[in-house]
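Visitor: My questions will all concern the structure given below.
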Amino acid sequence: MRALPLLPLLIALASCGEELPTVPSTPTAPPAASTSTEDCATKRDFFPDADQDGYGPSDYARPMCAAAAGWTDKGGDCDDGDKRVFPGAPELCNQVDDDCDGKTDEDPTDGVDSFVDADGDGHGDPARRAMACPGQRGFSTQGDDCDDRQRLAWRNAKERCDGVDNDCDGETDEGVKRTFYKDKDHDGHGDPAAPVSACDAPTGTVSAGDDCDDNRADAWAGSPGHCT
């Protein structure tokens, strides 16, 4: 059957008293997709990203359906004014917490091969290597410390009479102890046959070992008529 023109058909219907249907002049467009926080069932936290480094400060989280311009779904940025600073960024020798871990200049990518220097004597523990900034406190480029708890101990240091292996040769106080002598009669003169090697005089000893009779307080070398 041949289709009738639309306008004559409408005129014919009107003459019969029928109500005319409304015909839109243009097709209706579908509603635009919305990112409003009110229009989705599941929302996520987004963060403002002022420096556009892909991370925003966690303190300014906002739940949204999708990221708006200038927002990111990654938080943790500790300086949103510097695009070189964000979680996981390379740590550099610049006195800045580049990777937002709460530390500054730790294990820097532009550092020098160093050793941990826990006692601050300028000599590091050879078993504890690390990258550090030049001159960084707590590190040394010399890994020759045998006791990183003692500030006066490293390889070839001067041996001191202090109960410490200062020069890292495996011996303690070698060559620096003094000789004292037991003074049983307390006359200030010790028995030459009873020497004691020590850094400081032990109780009951003296530095003079010239007592010829350590049982008599009036007898020592040079005392009148008693020692020859």
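Visitor: Which of the residues spanning region 141-194 are β-branched (Val, Ile, Thr) and touching a Gly at 6+ places or on another chain (Cβ under 8 Å)?
Guide: Selection gives Thr141, Thr172, Thr179.
Visitor: Do we find a residue being modelled with pLDDT under 95 and hydrophobic (A, V, I, L, M, F, W, C) anywhere in region 45-63?
Guide: No, because not a single residue in region 45-63 is modelled with pLDDT under 95 and hydrophobic (A, V, I, L, M, F, W, C).
Visitor: Then there is this: Within region 119-139, restricting attention to residues that are of a type in the set (A, V, I, L, M, F, W, C) and within 22 Å of Asn94 (Cα to Cα), which residue is surrounded by the most Cβ atoms within 10 Å (Cβ to Cβ)?
Guide: Residues of region 119-139 of a type in the set (A, V, I, L, M, F, W, C): 127, 130-133, 139.
After this cut, where a residue has to be within 22 Å of Asn94 (Cα to Cα) as well, the list is 130-133, 139.
Details: Ala130: 19, Met131: 18, Ala132: 25, Cys133: 20, Phe139: 22.
This residue is Ala132.
Visitor: Just for region 114-144: of the residues that are charged (D, E, K, R) and more than 30 Å from Ala201 (Cα to Cα), which one is nearest to the chain's Cα centre (by Cα)?
Guide: Within region 114-144, the first condition is being charged (D, E, K, R), and the residues that meet it are 117, 119, 121, 125, 128-129, 137, 144.
Filter once more, so that each one left must be more than 30 Å from Ala201 (Cα to Cα): 117, 125, 128-129, 137, 144.
Values: Asp117: 14, Asp125: 17, Arg128: 14, Arg129: 14, Arg137: 12, Asp144: 23 Å.
Applying the filter and picking the extreme gives Arg137.
Visitor: Among the residues of region 167-200, what is the count of those that are in contact with a Pro (Cβ under 9 Å, 6 or more places away or on another chain) and more than 16 Å from Cys212 (Cβ to Cβ)?
Guide: 3
Visitor: Answer with yes or no whether Gly102 is in contact with a helix residue (DSSP H, G or I) (Cβ under 7 Å, 6 or more places away or on another chain) and under 25 Å from Arg62 (Cα atoms). Reasoning before the result, please.
Guide: Details: in contact with a helix residue (DSSP H, G or I) (Cβ under 7 Å, 6 or more places away or on another chain): no; under 25 Å from Arg62 (Cα atoms): yes.
So Gly102 does not fit the description; no.
Visitor: May I ask you to list pairs of residues, at least six apart or on different chains, whose Cβ atoms are under 9 Å apart, with the first in region 75-99 being closer than 17 Å to Tyr60 by Cα and the second being basic (Lys, Arg) and surrounded by 16 or more Cβ atoms within 10 Å (Cβ to Cβ)?
Guide: Pairs found: Phe86/Lys74; Pro87/Lys74.
Visitor: Could I ask something else about it? Got at least one residue in region 11-27 being at pLDDT below 95 and within 35 Å of the chain's Cα centre (by Cα)?
Guide: no
Visitor: Given (1) over 30 Å from Arg137 (Cα atoms); (2) touching a strand residue (DSSP E or B) at 6+ places or on another chain (Cβ under 9 Å), identify the lone condition not met by Ala41.
Guide: (2)
Visitor: Follow-up question, since we're still on this one. Collect the residues in region 152-175 that are under 19 Å from Gly124 (Cβ atoms) and of a type in the set (Gly, Ala, Ser), keeping them in residue-number order.
Guide: Ala153, Ala157
Visitor: Here's something else I'd like to know. Across region 140-189, what is the total count of residues that are surrounded by fewer than 16 Cβ atoms within 10 Å (Cβ to Cβ) and not in a loop (DSSP other than H, G, I, E, B)?
Guide: Selection size over region 140-189: 2.
The values are calculated or read from the model by the stated rules, or taken from the named source; none is laboratory data. Since the structure is predicted, the reported quantities are computational estimates derived from the model, not experimental observations. Every residue, glycine among them, receives a Cβ derived from its backbone with ideal geometry; neighbour counts consider all protein chains shown.
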